[in-house]
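So the structure is just underneath, and the comments pick up after that.
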Amino acid sequence: MSILEVKNIQKSFDKTEVLKDISFTLEKGEVLSIIGSSGSGKTTLLRCLNFLETTDSGRIIVDNDILFDGNNKMTDEKIRENRLNFGLVFQNFNLFPQYTVLENLTLAPTLLKKADNVTIKNQALEIIKKVGLEDKVDFYPCQLSGGQQQRVAIARALMLSPKILCFDEPTSALDPELTGEVLRVIRELRDGNTTMIIVTHEMNFAKNVSDKVIFMADGIIEECGSPEELFENPKSLRLKEFLSSSLKD
Amino acid sequence: MSFLEVTAFLFDGFKISLLIFAVTLLCGAPLGLPIAFCSMSRFKPVKAISKVIVWIVRGIPLMLQIFIIYYVPGLLFNYQLFGQIDRYMYIEYGIMDMGRIVAVLIAFSINYACYFSEIYRGGIESISKGQYEAGYVLGLTKSQIFRKIILKQVIQRIVPPMSNEIITLIKDTALANCIMVCEIIKNAKELAATKAMIWPLFFTGVFYLIFVGLLTILLGKAEKKLSYFRS
Ligand SMILES: Nc1ncnc2c1ncn2[C@@H]1O[C@H](COP(=O)(O)OP(=O)(O)O)[C@@H](O)[C@H]1O
Ligand SMILES: [Mg+2]
């Protein structure tokens, strides 16, 4: 039984079809990487899964629970409930600048009354330790490097224990020397069996960390399979071209 | 008249200036908020109406707006509303100029509310979409996001432009003397006319300067207090 089933989802902005007919499944504990050139619809796909965009049609099923079935009229309450199945880590972190690292983590669980404040705080401290920032607990985001900020963003998403954690190019806004610390955290999450969907331009990372890779082009899944299949034996011409161009830089 | 007597007489006027300042802030600052939300409304008619109001209020001189508020009840309904208040308050309580002051307070509050609304709007619109989205993906409601995430960042950003408006406001109170409200400059002009003393008119500047100095320190402190984060 798959933890996530995406069936034939479509999304248009005005007249441009951005997602044409996307279907895939993801098993519990698996890591799915999504690669593809810019403008192919990767971000839009993650935003649809996280209900930041309203999908036009198709189905989104998590744990046999139909979150979305093409009926666009969901109440705000239902949308919020659906969102909690997913976590999303943004390219540019989007930490809350007026809160410390600790407060960034505790804000949402406290407002959602997930547990009492002491429990939430202890959980936060534990997760902060997991991402290696125990000495930055009381720092504000502006006092942290990009890599540290992104690790806080990951920790913040983990606080709500989402079933599926999504990353939208988590290292694209970082200086090259800071990507390693973020990728290391993601690798550790994989070793802890976190189910993840990672949109990335780091081909080597995708090759090493994923159970499954999707190559998107122009709003469709052009190719899908194991990392070996896609990276060693690409079938479609577009994927071959994409891989050779991304190897150059 | 001695220097102390002149100072006391001018200070009586300055109390009226301070009253106009305080009431305008107390009424105008909250009133600006609904106007700002209307200007950002997705409902086109509401947005259009609020934009037109802001355009008119910011587009014509405040002095003219004081005249309009003061004279319009008499012209439209043949009822000198503010004159009647003046008379009533004087006869019943011995308070001078109350009707005129109310007219000035209405004009000032509306005028400043419109200026404040534009500052609020600019502040709210300057917060990146990502802040809202980060809140959404954490399962928060729109109102939680606004109160717990957006508001403080907006306040940090609007303190400097608000400070400018607030400092302008105390100087604008002098406009009240266009309908003979006895604020400080009106009192100084009275001394010039009745006692042939011109120096008190210039001396009024000292009152403004001291008050603006205090405001500058206070608002600077607020700005500093909010500068612990960078958004
Ligand atoms: N809110 C939007 N309104 C209109 N077009 C959009 C919007 N968001 C994305 N698009 C368009 O959708 C296409 C896919 O964008 P995106 O999902 O961001 O691609 P990727 O993340 O793969 O670079 C692009 O052509 C982009 O211009
Ligand atoms: Mg993208």
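Some notes on this structure:
- Threshold 50 Å² - residues in segment A:46-87 whose accessible area is reduced by that much or more when the chain is no longer isolated, probe 1.4 Å: A:R80, A:R83
- In segment A:109-150, burial by the other protein chains removes 20 Å² or more of 1.4 Å probe accessible surface, compared with the chain on its own, from A:L111, A:L112, A:Y140, A:C142.
- Å² per residue, accessible surface of segment B:83-231 at 1.4 Å: 48 Å²
- Solvent-accessible area lost in complex, 20 Å² minimum, residues of segment B:201-231 relative to chain alone, 1.4 Å: B:Y228, B:F229, B:R230
- Dipole-positive endmost among A:S37, B:F202, B:F82 within the protein assembly as shown (Cβ charges, Cα centre): B:F82
- Counting every C-alpha pair in segment A:69-199, the share spaced more than 25 angstrom apart comes to 24%.
- Evaluated at q = 0.21, 0.22, 0.23, 0.29 Å⁻¹: base-10 log I(q)/I(0), Debye formula over Cα of segment A:2-68: -0.89, -0.97, -1.05, -1.45
- Contact surface B-A: accessible area buried, both sides summed, square angstrom, 1.4 angstrom probe: 2100 Å²
- Within segment B:93-231: Cβ-based charge dipole about Cα centre, in debye rounded to nearest 20 (Lys, Arg +1; Asp, Glu -1): 520 debye
- When the helices of chain B are scored as -39500 (n - 2.57) per DSSP H run of n ≥ 4 and the total is divided over every residue, the value at 222 nm lands at -27000 deg cm²/dmol.
- Relative to the longest principal axis of the Cα atoms of chain A, helix A:101-111 runs at roughly 80 degrees.
- Pairwise centroid distance, computed over Cα atoms, of segment A:1-70 with segment B:190-231, Å: 60 Å
- For A:M216, the amide hydrogen comes within under 5 Å of the amide hydrogens of A:I35, A:G36, A:E222, counting only partners 5 or more places away or on other chains and with H modelled in the peptide plane.
- Charging the Cβ of each Asp and Glu at -1 and of each Lys and Arg at +1, and nothing else, the dipole of segment A:1-109 about its Cα centre rounds to 220 debye.
- Charge dipole (chain B, unit charges on Cβ, about Cα centre) - positive-most of B:S41, B:Q144, B:G13: B:Q144
- With at most 12 neighbouring Cβ atoms within 10 Å, loop trypsin sites (Lys or Arg not before Pro) (DSSP) excluded, longest segment of chain B: B:43-229
- Computed Kirkwood radius, in angstrom, where 1/r is averaged over Cα pairs of segment B:143-203: 14.6 Å
- Charge tally around A:I220: other residues with Cβ under 9 Å, Lys/Arg +1 each, Asp/Glu -1 each, net -2.
- Degrees between helix B:81-93 axis and first principal axis of chain B (Cα, 0 to 90, nearest 10): 60 degrees
- Top positive-direction residue, dipole computed over the protein assembly as shown with Cβ charges, set B:Y70, B:A134, A:M196: B:Y70
- Estimated translational D of segment B:8-148 in µm²/s (Stokes, Kirkwood radius over Cα pairs; 20 °C; 1.002 mPa s): 121 µm²/s
- Shown here is the pair-distance distribution of segment A:204-249: with all Cα-Cα distances grouped in 10 Å bins from zero up to the longest one, the shares run 27, 61, 12 percent.
- All other residues whose Cβ lies under 15 angstrom from that of B:W55 are scored, Lys and Arg at +1 and Asp and Glu at -1, for a net of +3.
- Alpha carbon convex hull of the protein assembly as shown, projected area averaged over orientations, nm²: 31.4 nm²
- Whole-Å distance, taken between Cα centres, linking segment B:114-183 and segment A:84-156: 28 Å
- Note on A:E229 and B:M40: their simple-model spin labels are 4.7 nm apart, each label 7 Å out from Cα toward Cβ.
- Rounded percent of accessible protein surface that carbon and sulfur make up, segment A:45-132, 1.4 Å probe: 45 percent
- When a 1.4 Å probe is rolled over the protein heavy atoms, the share of accessible surface on segment B:121-161 that falls to carbon and sulfur comes to 60 percent.
- Spatial extent of segment A:113-168: Rg and Dmax, with the Cα atoms as the point set, Å: 11.7, 32
- Between helix B:98-125 and chain B: long-axis angle, C-alpha atoms, 0 to 90°, nearest 10: 20 degrees
- The sum of -39500 (n - 2.57) across all DSSP H runs of n ≥ 4, divided by the residue count of chain A, sets its helix-only mean residue ellipticity at 222 nm to -11500 deg cm²/dmol.
- Accessible area per residue for segment A:70-148, computed on protein heavy atoms with a 1.4 Å probe, is 50 Å².
- Evaluated with a Cβ-only charge set (Lys, Arg +1; Asp, Glu -1), chain A carries a dipole of roughly 360 debye about its Cα centre, given to the nearest 20.
The values are calculated or read from the model by the stated rules, or taken from the named source; none is laboratory data. All figures in this text were calculated on a predicted structure; none of them were measured in a lab. Heads up, the Cβs are rebuilt from the backbone with ideal geometry, glycines too, and the neighbour counts pull from every protein chain shown. Quick note on the areas: whole protein, heavy atoms, side chains included, nothing else; ligands and nucleic acids left out. Shrake-Rupley method; radii C 1.70, N 1.55, O 1.52, S 1.80 Å.
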